[in-house]
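Before any comments, here is the structure.
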Amino acid sequence: MISAIAGGASRSNEISTKVGLESGICAKYLKVLLELGILKKETPITEQPGRKTVYAIDDTFFRFWYRFVPRNMSVISAGRMRLVYEQAVKRFYPDYMCLVFEKMCREYLLRYAKNLPMLLSGIGQWWGTDPKTRKEVQIDIVGTPTEGNEYLIGSCKYRNERIGTEELELLRRYAEVFRGGANFHYYIFSKGGFTPALLEAEKQGEVTLLTLEDLYNYSS
């Protein structure tokens, strides 16, 4: 079941189909894994649990193990660890780390960030359908206010390349899908840094930019 979720199944019907179990039996196993802290339920922030609720692996060790180990067990058993890393882990590692990075960024904003433009009552992710394009959009970070109609909207990019202004424009479009007419504060986190144009946008007060190093130097 954990392997099914690590492989991309997230909704209860998808998981039960992939593992070949009846939905009722599958729900019991999911409940146990939730109680053990291996899985977590996620719902778009500001919405009540319902049909949009998905399951995800919360324990990062289990996420890594079931993402990379079972399918490469024969090579690992043969002791060819360097080969496994180079061919089966290295090129997929950024995809694995993107969810870890998102969690780090949310924790930073909620617990350590100074001089935030608003007091956060909660932080999470949001996804929904764009009524214009009829495509699903996803926002990595949405910080909700204790009161009022302003939100913190963030993007997390665990990539080596620099992030440009197109990411800010994408955030603006997604923010309007999330809550048209609200006031937004934009944050972009990037492992690889930012282009000069996006750095200039930060100088103009359009966005706050944070690197991986900023997350580790919050106390300075």
Rounded to whole Hz and in sequence order, give me ³J(HN,Hα) for region 141-151 from the Karplus expression 6.51 cos²θ - 1.76 cosθ + 1.60, θ = phi - 60°, writing x for Gly and Pro.
9, 10, x, 9, x, 5, 7, x, 10, 10, 9
Label GLU107 and ARG71 with points 7 Å out from Cα along Cα→Cβ: what is the distance between them in nm?
2.7 nm
On the accessible surface of the chain, probed at 1.4 Å, how many percent belong to carbon and sulfur atoms?
49 percent
Which value, to two decimals, describes the C-alpha radius of gyration of region 1-74 once divided by 2.2 N^0.38 Å?
1.11
Considering only protein heavy atoms, what per residue accessible area in square angstrom results for region 129-169 with a 1.4 angstrom probe?
59 Å²
May I have the pair-distance distribution P(r) for region 128-220, computed from all Cα-Cα distances with 5 Å bins from 0 and rounded to whole percent?
3, 13, 22, 22, 20, 13, 6, 1, 0
Cα atoms only, region 56-113: Rg and Dmax in Å?
14.3, 46
For region 58-64, take each phi angle, set θ = phi - 60°, evaluate the Karplus expression 6.51 cos²θ - 1.76 cosθ + 1.60, and give the result in whole Hz per residue in order, putting x for glycine and proline.
8, 7, 5, 5, 5, 4, 5
Considering only DSSP beta bridges where both residues belong to region 132-220, give the percentage that are antiparallel (nearest 5).
20 percent
Pairs of alpha-carbon atoms within less than 8 angstrom and 6+ residues apart define the contacts here; what relative contact order does the chain have, in percent?
13 percent
Once you have the Cα-Cα distance between TYR216 and THR129, take 0.36 nm times their residue separation minus that, and quote the gain in nm to one decimal.
27.9 nm
Spatially proximal lysines relative to LYS28 (Cα-Cα < 19 Å; intrachain offsets below 8 disregarded)
LYS18, LYS40, LYS41
May I have the convex hull volume per residue, in Å³, for the Cα set of region 106-173?
122 Å³
In whole Hz, the Karplus estimates of ³J(HN,Hα) for region 111-126 (6.51, -1.76, 1.60; θ = phi - 60°; x where Gly or Pro) are 10, 10, 4, 9, 6, 5, x, 7, 8, 8, 8, x, 8, x, 10, 9
In Å², rounded to a whole number, the accessible area per residue of region 1-95 with probe 1.4 Å is 66 Å²
By the Cα gyration tensor axes a ≥ b ≥ c (a/c under 1.5 gives rounded; else a/b larger than b/c gives prolate, otherwise oblate), the shape of region 85-140 is oblate
Hey, which aspartates and glutamates would be in cross-link range of LYS90, C-alpha to C-alpha under 17 Å, not counting anything within fewer than 8 residues on its own chain?
GLU161
Stokes-Einstein at 37 °C, 0.692 mPa s, Kirkwood radius from Cα pairs: D for the chain in µm² s⁻¹?
170 µm²/s
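The values are calculated or read from the model by the stated rules, or taken from the named source; none is laboratory data. Note that this is a predicted model, so its numbers are computed, not measured. All Cβ positions, even for glycine, are placed from backbone atoms using ideal geometry, and neighbour counts span all protein chains on display. Protein only, heavy atoms only, side chains kept; ligands, DNA and RNA dropped before computing areas. Shrake-Rupley method; radii C 1.70, N 1.55, O 1.52, S 1.80 Å.
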